[in-house]
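Encoded as structure tokens, the structure appears first; notes follow it.
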Amino acid sequence: MASMRSIKRRKESVQSTQQITKAMKLVSTVKLQRAKTRAEQSKSYFHSMYATVKAILARAGSIRHPYLESGQSEKKAIVMITSNRGLAGGYNSNIIKLVTRNEELTSDKCVIYAVGKKGKDSLHKAGYEIARDYSDAIEEPIYIDAMNIVKDVLADFAEGKIGEIYLAYTAFKNTVSHIPTLIRLLPIDLEGSGVEEDENGMPDDKLLMNFEMDESEAISLLIPKYMTSLIFGAMVEAVASENGARMQAMDSATSNAEDMISALSLQYNRARQSSITQELTEIIAGADALS
């Protein structure tokens, strides 16, 4: 049996850790409330943007534009959103697994545009090429950060360095449900656009989309705004998901620490009782020897 001193030290260590996890849970709870409100307010707009652009392009007919076709490069770009800190349960590992376990997104086929140090470090170790690092942007996401990411990614797309663009992030459903999500930004996947096509690939209702300006110019204006909206929306949802995951993880850690403290207290009392019994036995034995 462990000594009383070692049990006491272990108990004090667990109590100290419990105080830290309690504090982290409270901080995450406060941050979650703010991030949750922001995510819920913006979620409908960004999801509607994705569906609307897909529907517009599905009704646009056969438009020839670089943004609507796969580039010459076989490399796939992944804008990957994780966190800069750990202690958030499976939040970061779930996104990393979503990418690394996808057979079409192997390290020799992809380049990573990392938003978050955890994802950047893990994929770098896994052999993925890190094209750019935007880890500071995830601390307090603002729209201009998303614009800068899109500017760089589209520049590489236009130069032929990458042929497809994906977005990997954690969608915020509610406080306890966070869904790792992977979507293709370019070329836009028109499946699920809500517009069915006939055998010639034309909308079956024949209501084609007309553009007031030149259609190529319209696409050049529309696609960057569409991508910026989606990436910014993903960053906002990712922050809410991160704080929700960290709050749950710290709550579990605090509960586990409480269980450990109870078990150590019981173990300490047993060791103390055993020590007292041994001392009494020695005193009685000594008294008997003197009598």
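The values are calculated or read from the model by the stated rules, or taken from the named source; none is laboratory data. Remember, it's a predicted structure, so these values are computed and weren't measured experimentally. Ideal geometry is used to build each Cβ from the backbone, glycine not excepted, and the neighbour counts take in all protein chains shown.
Among residues that are among the charged types (D, E, K, R), out of contact with any Ser or Thr (no Cβ under 8 Å at 6 or more places or on another chain) and surrounded by fewer than 19 Cβ atoms within 10 Å (Cβ to Cβ), residue 103 is included.
The sole residue among 114, 137 that is free of Cβ contacts under 8 Å to residues at least 40 places away in the same chain and buried (at least 19 other Cβ atoms within 10 Å of the Cβ) is 114. Of all residues in region 18-67, those that are of a type in the set (Val, Ile, Thr), farther than 14 Å from residue 229 by Cα and out of contact with any helix residue (DSSP H, G or I) (no Cβ under 6 Å at 6 or more places or on another chain) total 5.
Kindly check whether there is at least one residue in region 42-59 that is surrounded by 12 or more Cβ atoms within 10 Å (Cβ to Cβ) and part of a loop (DSSP other than H, G, I, E, B). Within region 42-59 (the criterion being surrounded by 12 or more Cβ atoms within 10 Å (Cβ to Cβ) and part of a loop (DSSP other than H, G, I, E, B)), the answer is yes, since at least one residue qualifies.
Right, residue 18: surrounded by 16 or more Cβ atoms within 10 Å (Cβ to Cβ) and part of a helix (DSSP H, G or I) or not? Here the answer is yes, as residue 18 does meet what is asked.
Quick one: how many residues across region 16-36 are small (Gly, Ala, Ser) and within 19 Å of the chain's Cα centre (by Cα)?
Residues flagged as small (Gly, Ala, Ser) and within 19 Å of the chain's Cα centre (by Cα) within region 16-36 amount to 2.
Would region 144-157 turn up any residue that is outside any helix (DSSP H, G or I), in contact (Cβ under 8 Å) with a residue 60 or more places away in the chain and not acidic (Asp, Glu)? So far as region 144-157 goes, no, none of its residues is outside any helix (DSSP H, G or I), in contact (Cβ under 8 Å) with a residue 60 or more places away in the chain and not acidic (Asp, Glu).
Considering each of 271, 257, 287, 253 in turn, give the residue that is free of Cβ contacts under 8 Å to residues at least 60 places away in the same chain, surrounded by fewer than 23 Cβ atoms within 10 Å (Cβ to Cβ) and small (Gly, Ala, Ser). Walk me through it before giving the result.
Values: 271 fails: free of Cβ contacts under 8 Å to residues at least 60 places away in the same chain; 257 fails: free of Cβ contacts under 8 Å to residues at least 60 places away in the same chain; 253 fails: free of Cβ contacts under 8 Å to residues at least 60 places away in the same chain.
Only one candidate passes the filter, namely 287.
Once region 68-100 is narrowed to residues that are over 23 Å from residue 228 (Cβ atoms) and among the β-branched types (Val, Ile, Thr), the residue that is surrounded by the most Cβ atoms within 10 Å (Cβ to Cβ) is 96.
With respect to (1) of a type in the set (Lys, Arg); (2) surrounded by fewer than 18 Cβ atoms within 10 Å (Cβ to Cβ); (3) touching an Asp or Glu at 6+ places or on another chain (Cβ under 9 Å); (4) outside any loop (DSSP other than H, G, I, E, B), the lone exception for residue 25 is condition (2).
With the structure loaded, tell me whether residue 63 is at pLDDT below 95, more than 20 Å from the chain's Cα centre (by Cα) and among the β-branched types (Val, Ile, Thr) or whether it fails that test. Yes: the conditions hold for residue 63.
Could you list, in sequence order, all residues of region 144-166 that are of a type in the set (Gly, Ala, Ser) and either closer than 16 Å to residue 80 by Cα or buried (at least 20 other Cβ atoms within 10 Å of the Cβ) (or both)? Step through it out loud before you land on a result.
To start, the set of residues in region 144-166 that are of a type in the set (Gly, Ala, Ser) comprises 146, 155, 158, 160, 163.
Within region 144-166, 146 is the sole residue that qualifies.
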